[in-house]
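Peer 1: Quick one: the structure is below, questions incoming.
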Amino acid sequence: QVQLVESGGGLVQAGGSLRLSCAASGSIFSINTMGWYRQAPGKQRELVAAITPVGRSNYADSVKGRFTISRDNAKNTVYLQMNSLKPEDTAVYYCNAGIIKRTTIFPQDYWGQGTQVTVSS
C-alpha cells in the first residue's frame, strides 16, 4: 500500500509562517507531480501549488510570492513553506501525488488525510 502522511499544520497569527510536509511511503516505484490543495469551509478544493520531479512548479495566483513548494525526491517528501499568512489562507490542506507502484506501470492519484491551517487576524 501507499500512504501520504502530512504534518505541520496549526494555528498562526496573520503575517506568520508555517511549513507543511508530506511524506509518501509504501511500495513506490516513482512519483510524478506532487502538490498541495486546500479546502475552506463551504468552498471547493483548490490547487495551491504543484511541483514536478525535476522541480518545475506552479502556484495559485493567491499565494504567489508568499508560498514556496519544494520536494526531496530521495525522501519522497514534498514541502510547502507558507509565509505572510492571511486569514483567507485558513483551510484544510491536502497533499496529492501521482505515484507509480512497484506492481504496475500506471500512475495512480493519492491523497493525504489533510492538515488544518488556521490563520487568526
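Peer 1: Out of all the residues in the range 46-59, is one or more open to solvent by 50 Å² or more (accessible area, probe 1.4 Å), touching a Gly at 6+ places or on another chain (Cβ under 7 Å), among the polar types (S, T, N, Q) and over 19 Å from Gln116 (Cβ atoms)?
Peer 2: no
Peer 1: Now, a different point. What pairs can you find where one residue is in the range 107-121 and at positive phi, the other is open to solvent by less than 50 Å² (accessible area, probe 1.4 Å) and part of a strand (DSSP E or B), and their Cβ atoms are less than 7 Å apart, with a gap of 6+ or different chains?
Peer 2: As it stands, the answer is Gly114/Glu6; Gly114/Val92; Gly114/Tyr93; Gly114/Tyr94, since those pairs meet every condition given.
Peer 1: I need the full set of residues from the range 87-113 which are assigned to a loop (DSSP other than H, G, I, E, B) and either of a type outside the set (Ser, Thr, Tyr) or in contact with a helix residue (DSSP H, G or I) (Cβ under 9 Å, 6 or more places away or on another chain) (or both), in order please.
Peer 2: Across the range 87-113, the qualifying residues are Arg102, Ile105, Phe106, Pro107, Gly112, Gln113.
Peer 1: While we're here: Within the range 91-103, which residues are more than 14 Å from the chain's Cα centre (by Cα) and hydroxyl-bearing (Ser, Thr, Tyr)?
Peer 2: Result: Thr103, single match.
Peer 1: Same structure again: Write out, first by first residue and then by second, each pair whose Cβ atoms fall under 9 Å of each other, whose residues are 6+ apart or on separate chains, and whose first residue, in the range 7-34, is farther than 18 Å from Gly55 by Cα while the second is open to solvent by less than 30 Å² (accessible area, probe 1.4 Å) and among the aromatic types (Phe, Trp, Tyr).
Peer 2: Short answer, once both residue conditions are applied: Gly8/Tyr93; Gly9/Tyr93.
Peer 1: Does any residue in the range 64-83 that is open to solvent by 70 Å² or more (accessible area, probe 1.4 Å) come within less than 7 Å, Cβ to Cβ, of a residue that is not hydroxyl-bearing (Ser, Thr, Tyr) six or more places away or on a different chain, and which pairs are these?
Peer 2: Correct list of pairs: Thr68/Gln81; Asn73/Pro53; Lys75/Ala23.
The values are calculated or read from the model by the stated rules, or taken from the named source; none is laboratory data. These numbers come from a predicted model, not from an experiment. Every residue, glycine among them, receives a Cβ derived from its backbone with ideal geometry; neighbour counts consider all protein chains shown. Just so you know, the surface numbers come from the protein's heavy atoms only, side chains and all, with ligands and any DNA or RNA stripped out. Shrake-Rupley method; radii C 1.70, N 1.55, O 1.52, S 1.80 Å.
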